[in-house]
Amino acid sequence: MRTLFRLFAFVVLLAVAGGGYVLYRLSQPYSGFSEPVFVEFPKGTSTAGMARVLAEKGVVQDAWLFLAARAVRRGAHLQAGEYRFEKPASALDVYGRISRGDIYYMELLIPEGYNLFDIAAAVEKLGAMKAATFLAAAKNPALIRDLDPRAETLEGYLFPNKYRVYRHTTAQQICRQMTNEFRQQWQALKTSRNVHETVTLASLVEKEAKLPEERPKVASVFRNRLDQGIKLDCDPTTVYAALLENRYRGVIHRSDLDNRNPYNTYQHTGLPPGPIANPGLRSLQATLQPAETKYLFFVAKADGSGGHNFSESLRQHEAAVAQYHRASGH
């Protein structure tokens, strides 16, 4: 009887020691790689399949450790997707990440007023793809043609926001995310106004109004000039025309102002053929509800605030321009 008891006690001791050893191994950080490792699990991948791949990639030391982690964390649901591992982690930590769905993604931030070329550069800087690849997709208006049959590209409809981009995300998928966001924002405005004209004018307001509170005033200037058949004389349209012709070098030259490109509002009356940037919600709202003014001109203040002096007459405007030159020394 005593011998049987001793044998039982020995077995229990072995079990406790074994369990302690397993828990020790499960909690030990491990890294069998020298550079960040990407591991992708398609939908339907079994736990055993995940364990095998993780061991092959050096994320866990042995496949059985990952399976043991499942026994410790019963009830956790492992999620498909791509994961990035860049530092030592225990099998329990790895299991926890995959059960949380801590999938690897990049964050693409698109500020208000970015144009196609700005967004393409941001996408390339992120490391997602070449700028040319994104531009090729963004120049196809198919994703927005139902809303704007006159759209020549997706310019104006790539709504400024923060987007998740995965390593395998395509340029068209990024464009779809952005145009879907535009659709939601546009529907929320509950307007029957023409989308092409509204977005085009809003893009000018976005580029000219640095201060949010001035957007309705800037919109009123453009609306008043359009109503009176006065050219908009909007510098950003001149810049955009030069960008389209791949000759903008950071400064507006006399040749840019004289350029007959349809987007140059110094040469053509009315709105340009389409948007010159992607406006945010506040610029769209200001365009739909401009301030009630008689302003026909505005010029930047020389104090660096980003604000403008607004004028109703050419004489007032010329005086404001002269004041700007005196104050700025230009």
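Values quoted throughout were computed directly from the atomic coordinates according to the rules given, and no laboratory measurement underlies them. These numbers come from a predicted model, not from an experiment. Virtual Cβ from ideal backbone geometry, glycine too; neighbours counted across all protein chains shown.
Against the chain, whose longest principal axis comes from its Cα atoms, helix 235-244 is set at around 60 degrees. Across region 216-227, computed HN-Hα scalar couplings (Karplus, 6.51 cos²θ - 1.76 cosθ + 1.60, θ = phi - 60°) run x, 5, 4, 4, 5, 4, 5, 5, 5, 5, 4, 5 Hz from first to last residue, x flagging Gly and Pro. Amide H contacts of residue 30 (H built 1.01 Å from N, in plane; Pro and chain starts excluded): 89, 90 sit under 5 Å, all sequence-distant by 5 or more or on other chains.
Rounded to whole numbers, the Karplus 3J(HN,Hα) couplings from phi for region 50-56 are 4, 4, 5, 5, 4, 5, 5 Hz, using 6.51 cos²θ - 1.76 cosθ + 1.60 with θ = phi - 60°, and x at Gly and Pro.
Of 268, 325, the sequence from fewest to most neighbouring Cβ atoms within 10 angstrom is 325, 268. When 213, 112 are sorted by how many other C-beta atoms sit within 10 angstrom of their C-beta, beginning with the fewest, the order is 213, 112. Within the straight-line cut-off of under 22 Å between alpha carbons, the lysines reachable from residue 87 are 57, sequence neighbours fewer than 8 places apart in one chain being disregarded. Checking the cross-link pairs 190/301; 231/294; 43/130; 162/207 against a 24 Å limit on the alpha carbon distance flags 190/301; 43/130 as lying beyond it. Taken about its Cα centre, the chain carries a charge dipole of roughly 1260 debye when the Cβ of each Lys and Arg holds +1 and the Cβ of each Asp and Glu holds -1. Between residue 323 and residue 132, the simple label model (points 7 Å from Cα in the Cβ direction) yields a spacing of 5.0 nm. For region 106-189, a crude dipole built from +1 on the beta carbon of Lys and Arg and -1 on the beta carbon of Asp and Glu, taken about the Cα centre, is about 280 debye to the nearest 20.
Computed over neighbours whose Cβ is under 12 Å from that of residue 277, the net charge equals -4, Lys and Arg +1, Asp and Glu -1. Counting beta carbons within 10 Å around each of 64, 186 and listing the fewest first gives the order 64, 186.
Go ahead and run the numbers for FRET between residue 71 and residue 106, Cβ-Cβ distance against an R0 of 41 Å, rounding to 0.05. Efficiency computed from Cβ-Cβ geometry: 0.75. For Rg and Dmax of the Cα atoms in Å, the candidate list reads (i) 19.0, 59; (ii) 30.1, 115; (iii) 19.9, 65; the entry that matches the value derived from this model is (ii). Distance between the C-alpha centres of region 81-141 and region 182-247: 30 Å, rounded to the whole angstrom. Near the amide H of residue 264, within less than 5 Å, lie no amide hydrogens of residues on another chain or at least 5 residues away, with H placed in the peptide plane.
Under 1.5 on a/c is rounded, so check that first for region 233-330, then, if it is not, pick prolate when a/b is larger than b/c and oblate when it is not; a ≥ b ≥ c are the square roots of the alpha carbon gyration tensor eigenvalues. Taking the square roots of the gyration eigenvalues as a ≥ b ≥ c, region 233-330 is oblate. Between 237, 311, 187, the Cα set farthest toward the positive side of the dipole of the chain (charges on each charged residue's Cβ, about the Cα centre) is that of 187.
Computed from backbone phi with θ = phi - 60° and the Karplus coefficients 6.51, -1.76 and 1.60, the 3J(HN,Hα) list for region 164-175 is 8, 10, 9, 4, 9, 5, 8, 4, 5, 5, 5, 4 Hz; x is used for glycine and proline.
Close amide-amide hydrogen proximity is noted between residue 81 and 41, each under 5 Å apart and 5 or more residues distant or on a separate chain (H modeled in the peptide plane; Pro and chain starts excluded).
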